[in-house]
Ligand SMILES: Cc1cc2nc3c(=O)[nH]c(=O)nc-3n(C[C@H](O)[C@H](O)[C@H](O)COP(=O)(O)OP(=O)(O)OC[C@H]3O[C@@H](n4cnc5c(N)ncnc54)[C@H](O)[C@@H]3O)c2cc1C
């Protein structure tokens, strides 16, 4: 039996795609999720302090607004509740198959269908379309540091928090000073005996003011039509304006840097520490850090910032290059994820046996981030160059799932065998995209997880969220090769 659409992953994107497909009349859809519950990022990242740094009104779907957000910025737990509620309200639960880890997908040119294979299951599934929604940051990565396997204490990755481990009275290392670390450290210093934070590169930090939502505001959001849309729009445009200083290196970038430097000056008295915490790259080049709690935590009596590079992990701690061994009961790695910028997380085999992992080995590329020529009827959420540097991932995601649902709904209605992006349309798109990336802060010289080792940017979109959304607002069928079934009469197709 062949299903209409297989969605890989039941995070925000997968669930959103199932909802939007159903709203377009496509409901023969199955979500295959390797975990045992929905939520993706927000199911996996439960470390103390885990929270979103985009306001909840904007970090949510416009078609599933929530009047009851408790704060401006939500905790991981509250976002997970929101996702659970969405699954219930839109009736997605029965479409999800948990414990299904996809190990590969393969295109059959004769039928125009995909075969999807799973770990530990003999039975494969066939689908007319596949949506790869397995997440840009779903697989945690440990750094390639010598001796990491020899460490005898507890190793904890931020995305796989060990809630049974009692940090009270423990000496703890935190490796990494990115977006997760700056949320973890303020919580850890409250419980651990001693915390040492190993910093390779300091980031630009902006204050985050998190207010609780008053009962009155919630009542207004519930009762007044348009109030939630208005608040969402206000946040959207506020973030769009920030792009001028964050996406491109402009005089406004200096303004962002000045605000951050002032924040550092106000929170840290010690000039030497301020120097250690001052970045030497343009703001925006690496992800901006949003926190008002990190600097105070670093100055707590039980916290130390270590800026010597790590030489190796020893059985009982971490050795830094100047020869000191720091002993710890536990090491917390807040070192991020295997970001989908090269290769694919599982084999994706397209027309004529083409392997997408090989084609993407030097860096991923796609047509408008959602489809790749030679891989018909296969779509990506959070595909190549769809990353926002200044706005909510959910705004980008909603544009992707709407575009993908439109394409799939058109194909299902017309009964086309396959839709394949034209290679020339994809090439044109990427040539222009890479040219525009050249003038962004991400390509301005720092080393970040946005870039491959060779400096190729396969992750970020060089523009405003508005531009990204606009390019996905309508399906340009002339950019696709449309194949009809041999046995069917030719369908009238406008190309
Ligand atoms: C700690 C953290 C904080 C973040 N904060 C923000 C923020 O403040 N603002 C913002 O805009 N973005 C933020 N992000 C980015 C965030 O990842 C996205 O906003 C969004 O949650 C991604 O949703 P997704 O559905 O694409 O992926 P995910 O949420 O990762 O979901 C992917 C799902 O696919 C499943 N899966 C993966 N591989 C397979 C497989 N082989 N077979 C079957 N299932 C599979 C996973 O188990 C998971 O459930 C943050 C990310 C992290 C990690």
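Throughout, read-outs are computed from the coordinates displayed, never taken from laboratory work. Quantities reported herein were computed from a predicted structural model and do not represent experimental measurements. Note: ideal-geometry Cβ built from the backbone for every residue, glycine included; neighbour counts use all protein chains shown.
Key figures
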item: Gyration tensor over alpha-carbon atoms, segment 273-322, equivalent ellipsoid semi-axes in Å; result: 24, 17, 11
item: Separation of alpha-carbon centers, segment 88-162 and segment 461-483, rounded to whole Å; result: 27
item: Percent of Cα pairs exceeding the 21 Å cut-off, where the set is segment 185-272; result: 58
item: Alpha-carbon centroids, segment 208-281 and segment 1-35: separation in whole Å; result: 34
item: Cα long-axis angle, helix 393-414 against the chain (0 to 90 degrees, to the nearest 10); result: 10
item: Over the chain: helical MRE at 222 nm, DSSP H runs n ≥ 4 each giving -39500 (n - 2.57), nearest 500; result: -9000 deg cm²/dmol
item: Folded to 0 to 90 degrees: helix 12-23 orientation relative to the chain principal axis, Cα; result: 30
item: Square roots of 5 times each gyration tensor eigenvalue, C-alpha, the chain, largest first, Å; result: 40, 25, 23
item: Shape of segment 139-290, Cα gyration tensor, a/c cut at 1.5; result: oblate
item: Hull shadow area, averaged, segment 284-420 [alpha-carbon convex hull, nm²]; result: 12.9
item: Kirkwood Rh and Cα Rg combined as Rg/Rh, segment 54-125; result: 1.17
item: Anisotropy class of segment 355-408 from Cα gyration tensor, a/c 1.5 cut; result: oblate
item: Cα gyration tensor shape of segment 211-326, rounded if a/c is under 1.5, else prolate or oblate by comparing a/b with b/c; result: prolate
item: Percent breakdown of C-alpha pair distances by 5 Å bin, ordered from the shortest bin, for segment 389-477; result: 2, 11, 18, 20, 20, 14, 8, 4, 2, 0
item: Fraction of antiparallel bridges per DSSP, the chain only, in percent to nearest 5; result: 45
item: All-pairs alpha carbon distance profile, segment 1-160, 10 Å steps from 0, percent; result: 10, 34, 30, 19, 7, 0
item: Simple label model, 7 Å out from Cα along Cβ direction - residue 1 to residue 36, nm; result: 2.7
item: Debye equation applied to the C-alpha atoms of segment 33-89, log10 I(q)/I(0) at 0.26, 0.30 Å⁻¹; result: -1.15, -1.38
